[in-house]
Amino acid sequence: MQKYAFISICILSFVIPWQDMLTIGGIGTISKVVGMNAFFASILYLLNKREITKPHPLHILVVLFFIWGILTFLWSKDIALSSVRLWTNIQMLIMIFLLFEFSQTEKRWKYLFQSYVLGAYVSAISTIINFLTNYQDLSYVRYTATGYNAGALGTILALGIPIAWFLSLDLQNKLMVVINRLYVIIAFITIPLTGTRTAFFASIVALIYILWSSRSLSILGKIMLFILCCTTVSVMLNFIPESLWERIGNTSDQISSGDLTGRVYIWKGALTLISEHPFFGIGVGAFQSAISQLIGENLVAHNSFLSILTELGLLGFTIFIALLLGLILKLISYKSNSHKIFLLTLFLMWLIGANFGSDEYTKTTWFLFSLIISLKDYKNSYDFSYKKSVLELKNGGLK
């Protein structure tokens with residue numbers, strides 16, 4: 001039962017990067033079906049185990065954040081939207097504790113990250129297929145995976161880059177090394193196709209991490225990395241339409257004009273709502289409804305911090321900031337330099353995305369936070385050999 005429960009969690013991690021591509025009538029995205037399976041499998045395992053892993057102190061802030069969000073339903077400006085977010089909060093809490101319960105060894109921890117990379121492949125390939133068939137997101141003249149907003153997808157793909165590279169440095173199986181490093185190339189090519197400036201600049205942070213970590217590579221490894229970089233740049237320059245490069249390149253114009261693709265207009269409206277409801281907020285999930293009454297458009301905040309401050313007020317915002325500071329302190333104090341830099345890179349990339357997108361309730365965000373919380377000072381680095389891993393699975397080695 002333990003193996004089945006853990007595999008269910010891995011499948012959930014695999015589905016997270018492409019969940020919006022497949023919806024099931026009357027239920028929702030595929031992640032809900034997979035999540036329910038993971039939940040019931042885990043409950044059966046925990047009932048048999050008769051104990052749970054002791055929560056981390058940061059889980060107190062996680063619980064407080066989501067519980068406060070649920071309480072704001074009582075004074076929400078839009079009960080219907082808050083009802084949807086309330087259910088999301090409950091699902092997210094369950095996912096967070098399941099990820100923590102099943103990532104107590106470095107082996108499992110890396111399995112979950114590997115599952116995410118494989119899932120990100122699905123979204124990346126879908127985007128490329130849509131590009132090759134000229135299937136555009138006509139609202140923005142950009143390319144994206146079926147069912148996805150280009151901005152949200154860009155962040156998902158960008159976060160997969162340092163994960164894939166980190167895993168490739170610790171793998172013994174050559175096939176898995178190729179799979180992870182090939183993802184790096186595909187993601188760097190796909191992100192410009194989405195035309196998402198935030199994800200593009202986040203991917204530059206990922207590139208810096210790759211160059212930093214390449215110090216440990218052999219001479220042959222460095223030569224291969226150089227070839228990989230040249231190949232990627234060549235494909236990007238010849239593959240990506242000029243119109244998308246122009247969109248990414250006019251970032252400075254957007255900043256100097258004080259517009260940021262209409263975001264500043266939304267943020268001013270958010271500040272008005274905050275001034276009217278400073279302490280308790282307008283209610284979880286009610287931002288779009290409230291902002292539409294001010295500016296006449298039903299839009300998200302495009303800034304996770306403003307979104308939280310508007311919906312949950314100063315109290316909810318303070319809890320969230322305390323959680324972020326706790327995550328940073330945990331990472332800074334971690335002994336392993338390779339793990340520390342890897343996760344700090346992911347966290348910085350998330351911060352870039354969160355400042356220009358509404359990522360506060362995405363599964364990707366809380367997947368990342370959960371695995372940061374579960375990180376321990378592992379004594380030995382896990383040998384991610386494919387054959388060895390399969391053998392251990394067969395022998396009940398997921399302990």
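Residue pairs whose Cβ atoms lie under 8 Å apart, sitting 6 or more positions apart in sequence or on different chains, and linking a residue in region 310-337 that is in contact (Cβ under 8 Å) with a residue 12 or more places away in the chain to a partner that is hydroxyl-bearing (Ser, Thr, Tyr) and assigned to a helix (DSSP H, G or I), are Glu311/Thr72; Leu312/Thr72; Gly313/Thr72; Gly316/Thr72.
Of the residues making up region 114-135, none is in a loop (DSSP other than H, G, I, E, B) and under 20 Å from Val33 (Cα atoms). Being at pLDDT below 90 and surrounded by 17 or more Cβ atoms within 10 Å (Cβ to Cβ) is a property that Gly357 has. Confirm whether Met1 is in contact with a helix residue (DSSP H, G or I) (Cβ under 7 Å, 6 or more places away or on another chain) and under 30 Å from Ile274 (Cα atoms). When the stated conditions are applied, Met1 does not pass them.
Checked against (1) over 30 Å from Leu211 (Cβ atoms); (2) part of a helix (DSSP H, G or I), Val300 meets all criteria but (2).
Beta carbons closer than 7 Å, at least 6 apart along the sequence or on distinct chains, never pair a first residue in region 33-49 that is at positive phi and assigned to a helix (DSSP H, G or I) with a second that is modelled with pLDDT of 85 or more and among the aliphatic types (A, V, I, L, M).
In region 202-218, the residues that are within 12 Å of Leu348 (Cα to Cα) and at pLDDT 85 or above form Cβ pairs under 7 Å with partners that are part of a helix (DSSP H, G or I) and polar (S, T, N, Q), at six or more places apart or across chains, as follows: Ala202/Thr155; Val205/Thr345; Ala206/Thr345; Tyr209/Thr345. For first residues located in region 176-200 and free of Cβ contacts under 8 Å to residues at least 24 places away in the same chain, partners that are buried (at least 20 other Cβ atoms within 10 Å of the Cβ) and not in a helix (DSSP H, G or I) and lie 6+ apart or on another chain with Cβ distances below 6 Å form the pairs Val177/Leu171. When Val63 is tested against (1) surrounded by 17 or more Cβ atoms within 10 Å (Cβ to Cβ); (2) assigned to a helix (DSSP H, G or I), just one condition goes unmet, and that condition is (1).
Annotation for region 152-159: no member residue is open to solvent by 10 Å² or more (accessible area, probe 1.4 Å) and either part of a loop (DSSP other than H, G, I, E, B) or over 19 Å from Phe367 (Cβ atoms) (or both).
Among the residues of region 66-94, write down those that are surrounded by fewer than 16 Cβ atoms within 10 Å (Cβ to Cβ) and small (Gly, Ala, Ser). The answer is Ala80, Ser83.
The values are calculated or read from the model by the stated rules, or taken from the named source; none is laboratory data. The shown structure was predicted, so the numbers you read here are calculated from the model rather than taken from an experiment. No Cβ is skipped: glycine too gets one built from the backbone with ideal geometry, and neighbour counts run over all protein chains shown. Quick note on the areas: whole protein, heavy atoms, side chains included, nothing else; ligands and nucleic acids left out. Shrake-Rupley method; radii C 1.70, N 1.55, O 1.52, S 1.80 Å.
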